[in-house]
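First up is the structure itself, then whatever we jot down about it.
The values are calculated or read from the model by the stated rules, or taken from the named source; none is laboratory data. All figures in this text were calculated on a predicted structure; none of them were measured in a lab. Neighbour counts run over all protein chains shown; Cβ positions are idealised from the backbone, glycine included.
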């Protein structure tokens, strides 16, 4: 038993040697000798490398966005799944979508190995369980209409690879987001988004550059998909859900920015439209009634710009 455990640990150590995020960064070997400014400059220098790496992946990210937009149009969902930091980043992106874009809280989901308690505290062994991944996806009824995004900085997490294999087996579109190339991970997805950001400032601390790269990619996936689904007007968050005082104030300001109207006009239009900024904007821009505006938006599949252009013809 002891020999088997030692052999498994030895194999894992050998495996870690091949993972780029586990390498030792030669530019930060002296970081423990620096003052605060010196440490922060080292971190910032490494962070600046991340955006350029992600930029190179725009074609792959765009492929994923097109699949997500198509899924949304057919009633499908965007589902993130990951372990540890990767799982938390997926949840973070998912929970921001309802207030930002007024979508149902089931349209974008985040799943983390170990369940909700793992959001705050690591759950031992969760990321190594292939069975848990399948159970978690079955619990949300993953279907062929959905897009599943597996997130794993190392590209080797058994929980995530198992989830992606299951997604492929039922016909879902599977996207992989990682920061170190892994052939098994690559084969388990349909679109491979691999941001090789290199060794971390602190060896193996993938919540840093790898986490930043993943956050950038997930922001791009969800935001671009929502924009391509009619959730913006110009660059305004036109479908904002005015669910609290700050968001209501933002909705008023968005109507003012979109129409060049004054505060009172925007406030009245929002009141007439039950605080729906998109409806309110369309009524101000076209003079339509709320009912006419609602019908126009349905006809134009939620795209405000198209509804405005149609009204002007």
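What the table shows:
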read-out: Flag if residue 23 is in contact with a helix residue (DSSP H, G or I) (Cβ under 9 Å, 6 or more places away or on another chain) and surrounded by fewer than 19 Cβ atoms within 10 Å (Cβ to Cβ); value: yes
read-out: Filtered residues of the stretch 107-137 (kept if more than 14 Å from the chain's Cα centre (by Cα) and either under 28 Å from residue 61 (Cβ atoms) or buried (at least 21 other Cβ atoms within 10 Å of the Cβ) (or both)); value: 113, 114, 118, 119, 126, 127, 130, 132, 133, 134, 136, 137
read-out: Residue that is farthest from residue 118 (Cα to Cα), among those in the stretch 39-82 that are touching a strand residue (DSSP E or B) at 6+ places or on another chain (Cβ under 7 Å) and either outside any helix (DSSP H, G or I) or not assigned by TED's automatic domain parsing to the domain that holds residue 159 (or both); value: 57
read-out: Residues being over 14 Å from the mean Cα position of the chain (by Cα) and in contact (Cβ under 8 Å) with a residue 60 or more places away in the chain - total across the stretch 68-83; value: 7
read-out: Helices (runs of 4 or more DSSP H) completely within the stretch 98-189 that count 3 or more residues being touching a strand residue (DSSP E or B) at 6+ places or on another chain (Cβ under 8 Å) and assigned by TED's automatic domain parsing to the domain that holds residue 218; value: 130-139, 158-169
read-out: Residues within the stretch 103-120 that are within 17 Å of residue 229 (Cα to Cα) and touching a residue at least 12 places away in the same chain (Cβ under 8 Å), tallied; value: 4
read-out: Test: residue in the stretch 28-37 that is in a loop (DSSP other than H, G, I, E, B), in the same structural domain as residue 150 (by TED's automatic domain parsing) and modelled with pLDDT of 95 or more; value: no
read-out: Given (1) at pLDDT 95 or above; (2) assigned to a helix (DSSP H, G or I); (3) under 16 Å from residue 210 (Cβ atoms), number of the condition residue 21 does not satisfy; value: (1)
read-out: Matching residues in the stretch 190-223 - criterion: being farther than 15 Å from residue 60 by Cα and not in a helix (DSSP H, G or I); value: 197, 198, 199, 200, 201, 202, 203, 204, 205, 206, 207, 208
